[in-house]
Structures are given as structure tokens and as C-alpha cells.
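Novice: I'd like to ask you about the structure that follows.
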Amino acid sequence: MKDTADRYGPVSQAFHWLTVALFATQVSVAFYMEDLPRGPDRLEWYALHKSIGFTILVLIVLRFVWRRLNRQPPLPKGMERWQQTVAHGTQHSLYLVFILMPISGLVMSWAANYPISIYGLFTLPNLVAPSEALKEAMQETHEIFAWTVLVLVSLHVAGALRHHFMLKDVVLRRMLPGAGG
């Protein structure tokens, strides 16, 4: 279940690919719901967006804990220092934004005095007093984080594809379930 020196284990792979699937779904939901007219349909899509965002937050926290308890495979030998810095910087920035982005969304909803129901199963307690100024600040912050995460994910994917197709090393394959290291 744990990572080895050669590849990521099934738990790390599951965290990674579940995050990818939820993120892709979240982006699609976000772009779709923005164009809906005000009404019950739009509220349902916003509720789904909040539920997925909360799920991503929980998943990222669990993933971070797993990563701290589990040594990950090292970067390929001979990788230049600047490339290591970019790889680690992108990865750490993704963790940070995947935590801060849902938190900004939660605070935005609370400040707007909107309840946050998670898949209709339970409602999160409102931890922020209603505030139009805070809602607007979090709305702007949430949008900045959204574009930031899109840029970071693009860098991450571009790096993985570069390793696979140009450098022909194992960086991408070691995260693929069933692929050799």
C-alpha cells in the first residue's frame, strides 16, 4: 500500500487520481453553473459545487497526512536543481491552493449567509458572521485561486508529459496504476 523508492503505491495513486477526477468535475460544474439563470437549478449546481469543494478539501488534507507518513519516490537522478525546485514548488503550491481555495469558498458562502449542505447529508455550521465586504473579498480570492490552480495543474501536467515523452523517464509511469516503474 505504501510508496516505494521506485513508484507510488496504491493509496497515493488513489488520492492523486481521485483528486484529478474531482477537480475536473469541479471545473466543469463551475463553468456550467455560472451561466445558469438565477433559480432552483442554479442553487442545486452551487450546492453540488460546494459539496465537491468540501470533498476536495478533506481529500487533500488526508492526502497530505498520508504523504507525511509515507516516503515518496525521489525525483530522477541527474535532474537539474532548477527543475527540482520547479517540481517541488509546483507540488507544494498545488497542496496550498487546493486547501485555501475551498476554504475561501466556504468563508464566502458563510459571509453571504448561505448554508453549506454537503450532498444533502449534513450542513456545516456557519463559522463566519454575515458580511458583504468579506463575501466580496472571498469571491475575488476564490476566483484568483481558481485561475492559480488551473495554471499550476497545467504546469504539473506539462512537466509529467515532458518527463514521459521527451525525457522518457519513469516520472509519469510511477503514478499510473498498473504501469511499470
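Novice: Within segment 88-102, how many residues are within 15 Å of M138 (Cβ to Cβ) and out of contact with any helix residue (DSSP H, G or I) (no Cβ under 7 Å at 6 or more places or on another chain)?
Specialist: 0
Novice: Just a yes or no: is a residue in segment 37-60 farther than 25 Å from A112 by Cα and either modelled with pLDDT under 95 or of a type in the set (A, V, I, L, M, F, W, C) (or both)?
Specialist: Step one: of segment 37-60, the residues farther than 25 Å from A112 by Cα are 59-60.
Those still in the list that are either modelled with pLDDT under 95 or of a type in the set (A, V, I, L, M, F, W, C) (or both) too: 59-60.
Yes.
Novice: Regarding segment 65-72, can at least one residue be identified that is open to solvent by less than 70 Å² (accessible area, probe 1.4 Å) and in a helix (DSSP H, G or I)?
Specialist: Filtering segment 65-72 for residues open to solvent by less than 70 Å² (accessible area, probe 1.4 Å) gives 66-67, 70, 72.
Applying the additional criterion that residues be in a helix (DSSP H, G or I) yields 66-67.
Looking for residues that are open to solvent by less than 70 Å² (accessible area, probe 1.4 Å) and in a helix (DSSP H, G or I), one finds at least one in segment 65-72, hence yes.
Novice: Follow-up. Does L134 count as touching a helix residue (DSSP H, G or I) at 6+ places or on another chain (Cβ under 6 Å), aliphatic (A, V, I, L, M), surrounded by 14 or more Cβ atoms within 10 Å (Cβ to Cβ) and under 17 Å from Q91 (Cα atoms)?
Specialist: Values: touching a helix residue (DSSP H, G or I) at 6+ places or on another chain (Cβ under 6 Å): yes; aliphatic (A, V, I, L, M): yes; surrounded by 14 or more Cβ atoms within 10 Å (Cβ to Cβ): yes; under 17 Å from Q91 (Cα atoms): no.
No; evaluated as a whole, the condition is false for this residue.
Novice: Looking only at segment 1-26, which residues are modelled with pLDDT under 95 and among the aliphatic types (A, V, I, L, M)?
Specialist: Within segment 1-26, M1, A5 meet the criteria.
Novice: Take segment 22-44 and flag every residue that is of a type in the set (G, A, S) and within 21 Å of G120 (Cβ to Cβ). Please lay out each step first, then the result.
Specialist: Initial filter on segment 22-44 (of a type in the set (G, A, S)): 24, 28, 30, 39.
Within segment 22-44, S28, A30, G39 qualify.
Novice: Would you point out the residue of segment 101-122, among those that are part of a loop (DSSP other than H, G, I, E, B) and under 19 Å from A30 (Cβ atoms), that is modelled with the lowest pLDDT? Show your work before the answer.
Specialist: Filtering segment 101-122 for residues part of a loop (DSSP other than H, G, I, E, B) gives 112-115, 119-121.
Applying the additional criterion that residues be under 19 Å from A30 (Cβ atoms) yields 112, 114, 119.
On the way: A112: 98, Y114: 95, Y119: 98.
Per the criteria, the residue is Y114.
Novice: Just name the residue that is most open to solvent (accessible area, probe 1.4 Å) out of those in segment 109-131 that are closer than 17 Å to A47 by Cβ and among the hydroxyl-bearing types (S, T, Y).
Specialist: Within segment 109-131, the match that is most open to solvent (accessible area, probe 1.4 Å) is Y114.
Novice: Here is a follow-up. If G78 satisfies every condition in (1) out of contact with any Phe, Trp or Tyr (no Cβ under 6 Å at 6 or more places or on another chain); (2) modelled with pLDDT of 95 or more but one, which is the exception?
Specialist: Only one criterion is unmet by G78, namely (2).
Yes/no matrix, rows are residues, columns are (1) within 20 Å of V61 (Cα to Cα); (2) of a type outside the set (V, I, T):
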{"site": "G89", "(1), (2)": "yes, yes"}
{"site": "L96", "(1), (2)": "yes, yes"}
{"site": "P102", "(1), (2)": "yes, yes"}
{"site": "V107", "(1), (2)": "yes, no"}
{"site": "F122", "(1), (2)": "yes, yes"}
{"site": "N126", "(1), (2)": "no, yes"}
{"site": "E132", "(1), (2)": "no, yes"}
{"site": "T141", "(1), (2)": "no, no"}
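Novice: Please pick out the residue among T85, T90, T4 that is open to solvent by 30 Å² or more (accessible area, probe 1.4 Å), farther than 18 Å from L176 by Cβ and not basic (K, R). Explain how you work it out, then say what you get.
Specialist: Values: T90 fails: open to solvent by 30 Å² or more (accessible area, probe 1.4 Å); T4 fails: farther than 18 Å from L176 by Cβ.
None of the others qualify; the one that does is T85.
Novice: Considering only residues that are of a type in the set (S, T, Y) and either touching a helix residue (DSSP H, G or I) at 6+ places or on another chain (Cβ under 9 Å) or open to solvent by less than 30 Å² (accessible area, probe 1.4 Å) (or both), which ones fall in segment 27-55?
Specialist: Of the residues in segment 27-55, the ones of a type in the set (S, T, Y) are 28, 32, 46, 51, 55.
Result: Y32, Y46, S51, T55.
Novice: Now a separate question. Filter segment 164-179 for residues that are of a type in the set (K, R) and open to solvent by less than 30 Å² (accessible area, probe 1.4 Å) and give the result.
Specialist: Kept after step one, since they are of a type in the set (K, R), are these residues of segment 164-179: 168, 173-174.
Matches in segment 164-179: R174 only.
The values are calculated or read from the model by the stated rules, or taken from the named source; none is laboratory data. Please read these numbers as outputs of a predicted model, since none were measured by experiment. Positions of Cβ are generated from backbone atoms using ideal geometry, with glycine treated the same way; all protein chains shown enter the neighbour counts. Ligands, DNA and RNA are excluded from the accessible area calculation, which covers all protein heavy atoms including side chains. Shrake-Rupley method; radii C 1.70, N 1.55, O 1.52, S 1.80 Å.
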